[in-house]
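Written below as structure tokens is the structure these notes are about.
The values are calculated or read from the model by the stated rules, or taken from the named source; none is laboratory data. None of the values given here were measured: they were computed from a predicted structure. Glycine gets a Cβ as well: all are built from the backbone with ideal geometry, and neighbour counts include every protein chain shown. The protein model used for the area step is the full one, side chains on, heavy atoms only, and it has no ligands, DNA or RNA in it. Shrake-Rupley method; radii C 1.70, N 1.55, O 1.52, S 1.80 Å.
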Amino acid sequence: MTTEVSRPAAKGLRQAGRVDVLTVVSRFGAFIFLIVLCIVFAVLEPAFLTPLNIFNVLRQVSIYGLLAIGMTFVILTAGIDLSVGSVLALAGLVAAAVEKGSTGLLTGAAAGEAGGYGLPAAIASAIAVGLLSGLLQGLAISKLKVPPFIVTLGGLSAFRGAALVFSHGQPISAFREAYRFWGQGMIGPVPVPVIIFLFFAIIAHIILRYTKYGRYIYAVGGNKEAARLSGLNVDRIIMSVYVITGFFAGLSGFLLSARLNSAEQVAGVGYELTVIAGVVIGGTSLFGGEGSIFGTVVGILLIGVLANGLTLLNVSSYYQQIIIGLIIVLAVFFDQLVKRRR
């Protein structure tokens, strides 16, 4: 259910002088569904359209959205990253430890004993954890030729274990106001994480749509061998997209710890599924080469609106998971249907 006409797949919506309904649904279905959902929930529950609730939805989806931006780069190359939730947890703990001046956590020292190392160091450490994790996984995938699913599934377990070892299973909490501002603060009426999410979404959109690097990513996802024969350094491009998704996982770890005022080893559990769902629902093909950041933003918003609306209507979270699962299956079904007709 792509929401934007992606460049590689750019074809007219008219074929042989008539509108291809299936293609229209495939490309704009998520956006249309999002609008319909908003109308339905607004009618059923007036509290849905209040500014407070809308900003709550945006704040909640901003972390998923940042992870989804990185995931879009990976999936466009026909890859997958199942480790983002675990990397997020580890990065959040490292940032919290640096903020509290408790780098002795590995040796069991209590948080806050030595005083903080400063906010810039905390942010940098979280991002460094993300970049390093992405680099390691990218190297394993591009140089050792291990399938992305296997590498990142291993990463899911390894980074979660590293978070447990690093923290001894103990959360780190009670940060300074300057730290919490990045997760709980507001600039005007807009939450800070939402601004950060939109900023990086615009940057990522520009990279994918208007730069050579963006075209290379689509080319690699469309046909690796053809891209290689065209002179592209496929291994380097694949490695780079995992570094990008690692960056967003590290940044998200810091922001989530700031929002919750706590960093925990269980943070981000299951996030990878929601993130992948948002990317796929937004129209990025799991088989690579097609998709857009705009679609990913719509897909993540759709999941957030759906969860919020159903919660306001007192629908159990169990049913919410079933509904989201069905939407994912429908999104992939339409993707396959359109591909078969081309």
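Some observations on this one:
- Each label point was placed 7 Å from the Cα along the Cα-to-Cβ direction; for residue 329 and residue 36 their separation is 1.8 nm.
- Placing a label point 7 Å from the Cα of residue 47 along the Cα-to-Cβ direction, the residues of the range 296-325 whose backbone N falls under 13 Å from that point are 308-315.
- Within the accessible area of the range 148-266 (1.4 Å probe), percent carbon and sulfur: 67
- Accessible surface for the chain, divided over its residues, is 44 Å² per residue with a 1.4 Å probe.
- Environment charge of residue 180, counting only residues whose C-beta is closer than 15 Å and scoring Lys/Arg +1, Asp/Glu -1: +2
- Positive dipole terminus of the chain, leading residue within 278, 123, 220 (C-beta point charges): 220
- Positive minus negative residues near residue 70 (Lys, Arg vs Asp, Glu; Cβ under 14 Å): -2
- For the chain, size of Cβ-based charge dipole, Lys and Arg +1, Asp and Glu -1, in debye: 1140
- The shape of the range 131-182 can be summarised by an equivalent ellipsoid whose semi-axes, obtained from the alpha carbon gyration tensor, come to 30, 15, 8 Å from longest to shortest.
- Per-residue HN-Hα couplings for the range 41-47 [Karplus 6.51, -1.76, 1.60; θ = phi - 60°; Hz; x = Gly/Pro]: 5, 5, 6, 6, 9, x, 5
- Each other residue within a Cβ distance under 13 Å of residue 89 adds +1 if Lys or Arg and -1 if Asp or Glu, for a net charge of -1.
- Computed from label points 7 Å out along Cα-Cβ, the spacing between residue 55 and residue 213 is 3.4 nm.
- For the pair residue 186 and residue 322, a Förster radius of 45 Å applied to the C-beta separation gives a FRET efficiency near 0.85, rounded to the nearest 0.05.
- Each residue of the range 164-172 was assigned a 3J(HN,Hα) from its phi angle through the Karplus expression (A = 6.51, B = -1.76, C = 1.60, θ = phi - 60°), giving 5, 5, 4, 9, 6, x, 9, x, 10 Hz with x at Gly and Pro.
- Scanning residues 5 or more positions from residue 186 or on other chains, those with amide H under 5 Å from its amide H are 192, with H placed 1.01 Å from N in the peptide plane.
- For residue 292, distant residues with modelled amide H under 5 Å away: 284
- For the range 241-258, 3J(HN,Hα) per residue [Karplus equation, 6.51 cos²θ - 1.76 cosθ + 1.60, θ = phi - 60°, Hz, x = Gly/Pro]: 5, 6, 5, 5, 5, x, 4, 5, 5, x, 4, 5, x, 5, 5, 5, 5, 5
- Cα-based equivalent ellipsoid, the chain: semi-axes from gyration tensor eigenvalues, Å: 34, 26, 16
- Estimated 222 nm signal from helices in the chain, with DSSP H stretches of n ≥ 4 weighted -39500 (n - 2.57), rounded to 500: -23500 deg cm²/dmol
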